[in-house]
Amino acid sequence: MKMAETQLGLAPLLLYLVVVVLKGSALVVESGIGVNWGTISSHRLSPSTVVNLLKDNKIHKVKLFDADPGSLRALMGSGIEVMVGIPNELLALLSSSTAAADLWVSQNVSRYMVKGGTNIKYIAVGNEPFLASYSGQFQSYVIPALTNIQQSLVKANLAAIVKLVVPCNADAYESSLPSQGTFRPELTQIITQLVSFLNSNGSPFMVNIYPFLSLYGNSDFPQEYAFFEGTTHAVTDGPNVYYNAFDGNFDTLVAALGKLGYGQMPIVVGEVGWPTDGALGANLTAARAFNQGLVNHILSNKGGTPLRPGVQKAYCQVISRDTGIFSFDGQAKYALNLGLGNGLLKNAKDVQYLPSRWCVADPSRDLSGVSNHFRLACTVADCTTLNYGGSCNGIGAKGNISYAFNSLYQIQKQNSLSCDFDVLGIVTFLDPSVGECRFLVGITDNHSSGIGWHSWSFIIWLLVFWIFWM
């Protein structure tokens, strides 16, 4: 299961990018913060507000899941390093047409890479295209699409500046112990082709790692092993001992790459984080413990993993409804120090909210026929918190209906017609929130560039680059 599917648009925190390079005869470690910025969600801050939030938090690297024009324009002149994304749905076209690849690069890369423009450094070709649940539907398109986009970059004289990556899910590899890591048998051939391509073009291998999914999907998984505070369930693998799931997962990939002959390939961890809502074990306390533990872990003198000691730094997911460190309105969910010399997280400034009113189920109406309206509302809006284990899971059937109604109402900028639901909904000026279950009020922004009513989110983007002394 992809993390995005469990979050329903909630984004994680990007914590640390580390590049280890050779300068003269010495190893130099350069570190920085990066985030994933998604544009498909329930509410959206203006791109300029998001860019200012990045600057205020000294975040100098950002990954987009697409090539949203508003985001790319707002990033012009900021100096922030950018990774743009190509959705999986475009891979078939880009793999079969060099003209389509040329056009995509021209419209989404070259256009912005002018003097004083956007500092695009990477293109993510697809997003977890080898995910097991996709049953191979994108698999055959990846290498041809990579090849065509690379040729387009060459034509545009950008191949030396912009590098290609393919974000992979950690389900691409498997083993009972890290040192025995191998790629799934059906992926061995294409992953070999992929790493050969990446290696020849100076690109890293990118992977998304979510220890929460291991805990969520396995009732026998020891919870403390998912964190960084010590465990009584350490994993011993020959001379190496693993005290947390992240290091074990990472070294499983290192071992798998080694078996293909690329044991020293640079690795980028593109996403890592912990949800704050929507499932058992998903809460603010656990998310803060995980993210702060990860930051402390990668900044400590013990940085690195047993198979890659001493040079590890990481990025965590930053913003999402469920896994990010910021809420949809750019406000920090909890106190977190990213180790950037900036203290605790800074909130977005000058955020403008809609009026304090909500849409709820009319208590005087018979709600027996509400199921279709409920499904529609939760198809369009985000009802993650109603999931088992979520903060709104215990508010009762009528409460669930009201939450769904209000979620859609806020997305529609409190349009009165969006609270009709065949006269089953009613607008109230009394906050219907109950305990930890918060009924949100949407945001508006008079400075918005008018690119639709979406929410933006930051996903913990963990980037780790290693170039070893040879």
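Among Q264, F250, G202, pick out the residue whose Cα is farthest towards the positive end of the charge dipole of the stretch 171-284, where Lys and Arg carry +1 and Asp and Glu carry -1 on C-beta, about the Cα centre. The one lying farthest along the dipole's positive direction is G202.
Near A348, the amide H atoms lying under 5 Å from its own belong to Q331, A332; only residues 5 or more places off or on other chains count, and H is placed 1.01 Å from N. The length gained on full extension between V114 and E186, counted as 0.36 nm times the residue separation minus their Cα-Cα distance, comes to 21.7 nm. Length gained on full extension, L376 to S96, computed as 0.36 nm times the residue gap minus the Cα-Cα distance: 97.2 nm.
In the structure shown, the pairs K63/K333; K61/K333; K349/K398 are assessed against 26 Å; a Cα-Cα span above that value is assigned to K349/K398.
The calculated Kirkwood hydrodynamic radius for the stretch 180-248 is 14.5 Å, given to one decimal from all distinct C-alpha pairs. The share of alpha-carbon pairs in the stretch 62-142 lying farther apart than 15 Å comes to 57%. Calculate the FRET efficiency for A160 and L280 from the Cβ-Cβ distance with a Förster distance of 56 Å, rounded to the nearest 0.05. That pair, A160 with L280, gives E of 0.70. Amide hydrogen proximity for K63: with H placed 1.01 Å from N in the peptide plane, the residues at 5 or more positions away or on another chain lying under 5 Å are V35, N36, W37, M83. Extending 7 Å from the Cα toward the beta-carbon at both E174 and K259 defines two label points whose distance is 1.1 nm. Each of N199 and N415 was given a label point 7 Å from its Cα along the Cα-to-Cβ line. The distance between the two points is 5.4 nm. Note on L367 and S433: the extension gain reaches 21.7 nm, defined as 0.36 nm multiplied by sequence separation minus the Cα-Cα distance.
Per-residue 3J(HN,Hα) values for the stretch 431-444, derived from phi via the Karplus relation 6.51 cos²θ - 1.76 cosθ + 1.60 with θ = phi - 60°, read 4, x, 4, 10, x, 7, 7, 9, 8, 6, 10, x, 10, 9 Hz in sequence order (x marks Gly and Pro). With N the number of residues in the stretch 143-190, Rg(Cα) / (2.2 N^0.38 Å) evaluates to 1.60.
Read the figures in this text as sums done on the coordinates, not as results from a lab. Being a predicted model, the structure only gives us computed values, none of them experimental. Positions of Cβ are backbone-derived with ideal geometry, glycine not excepted, and every protein chain shown enters the neighbour counts.
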